[in-house]
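Derivation of every value follows stated rules applied to the coordinates shown; laboratory data play no part. None of these values were measured; they are calculated from a predicted model. Neighbour counts are summed over all protein chains in view; Cβ atoms, including those assigned to glycine, are modelled from backbone coordinates with ideal geometry.
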Ligand code: IPE
Ligand code: IPE
Ligand code: MG
C-alpha cells in the first residue's frame, strides 16, 4: 500500500483535467467473497461500502458525477436468492443511508427500467430522488435494471410513436433527438469508465454514451477498490490523449503537412 495521503487531491493530478463524469462497473463482489470462503452476499455488502468510499472520494477530489452499475437487465438470470438479496440490499441502503447522503450533499438519481422492480423499492428510489434533488456536492447516478440495448430500443420506439402521431418528422431525427429519449438525457457523457475484476467488456453498459469515453480496466475486485486505485485510474486518464477523431496536438504541423502533400 502507498503511504501517500489521499484525503485531498494527490499532487500529481491536475485539478483542471479531472473527469467530470466517471462511470464504474463494480464487478468482482462474488469472487471477492468466494476467495475468502464467504457466501457471495458478503461480497455485495462489502461492495456497497466500497461504493460509499468511492463517492466520498469523488466529492473530496472534485469529480462531480459518478454513475455506478448496480444491476443489469441480464442480472435477473442469476439464482433467485441472489437477485432477492441484491434487491433487498438496494432497498436497505436507500433507507439507511439517506440521512448521511443528505448530510454530505449527495444528489442521487437512477437510470434503468424501474417497471419490473418491486413497489417498495420503487418507492424508496422515488423518495431518495425527491429528497436529494437540491443537493450539489456530488451526483451519484445508480444504474438499476439497466441495459443499453433496452434503453436504445425504448428510445427508438418513442421516436417512432412521435412520427406516427405526426408530432415529429422522421428527417428531424438526429443524435440529440435520440439522446433526449435516453435515461441519461441532460447528463454529460462519461469521460472515464472504470471496470474492476479483470473483465474487459462493457456488459451492456452505456453503449451510446461511451462512444468517446476513456476505458480503464483493473484486476482489483470491487470490494478492494479504494482511493489509491482511483488515483491510479486518474493518473492513466490524465496521460491519455483524447483526440475525438482529430489529430494529436503534439504532432508537429510540419509532419502533418508532409503527410498530406
Ligand atoms: C458485481 O459483482 C455486482 C453485480 C453484478 C450486482 P458480481 O456479483 O458480478 O461478482 P463476480 O463477477 O461474480 O465476482
Ligand atoms: C456487470 O457485471 C453488471 C454489474 C456490475 C451490475 P456482470 O458480472 O453481470 O457482467 P458479466 O456477466 O461478467 O458480463
Ligand atoms: Mg461479475
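Miscellaneous remarks
- Simple spin-label estimate for residue 236 and residue 219 in nanometres, 7 Å along Cα-Cβ: 1.3 nm
- Principal axes of region 1-146: Cα extent on each, largest first, Å: 46, 39, 24
- Taking the Kirkwood radius as Rh and the Cα radius of gyration as Rg, region 176-231 has a ratio of Rg/Rh equal to 1.05.
- The ellipsoid that matches the Cα gyration tensor of region 139-199 has semi-axes, each √(5λ) in whole angstrom, of 29, 13, 10, with the longest given first.
- Exposure proxy ranking for 122, 227, based on other Cβ atoms within 10 angstrom of each Cβ and starting from the fewest, stands as 122, 227.
- Residues in region 196-223 reached by a label modelled at residue 116 [backbone nitrogen below 19 Å; 7 Å Cα→Cβ]: 203-207
- The simple spin-label model puts a point 7 Å past each Cα toward its Cβ; for residue 150 and residue 96 those points are separated by 2.6 nm.
- For region 83-110 versus region 172-250, the gap between their alpha-carbon centres in whole angstrom: 24 Å
- By the beta-carbon count within 10 Å of each Cβ, the least crowded to most crowded order of 85, 110, fewest first, is 85, 110.
- The value obtained for the chain, namely the Cα convex hull volume divided by the number of residues, is 173 Å³ per residue.
- Contour excess over end-to-end distance, with Cα ends at residue 172 and residue 212 and 0.36 nm allotted per residue: 12.0 nm
- Just so you know, the Rg over Rh for region 115-250 is 1.02, from Cα atoms, with Rh as the Kirkwood radius.
- Residue order, fewest to most beta carbons within 10 Å, for 237, 146: 237, 146
- Net lengthening on full extension, residue 4/residue 131 (0.36 nm per residue, minus Cα-Cα): 42.1 nm
- Cα extents for region 93-177 along the principal axes, largest to smallest and rounded to whole angstrom: 48, 28, 20.
- Here is how the number arises for the chain: DSSP H runs of 4 or more residues each give -39500 (n - 2.57), the sum is divided by the residue count, and the result at 222 nm is -13500 deg cm²/dmol.
- Computed from the C-beta positions of residue 164 and residue 201 and an R0 of 35 Å, the FRET efficiency is 0.45 to the nearest 0.05.
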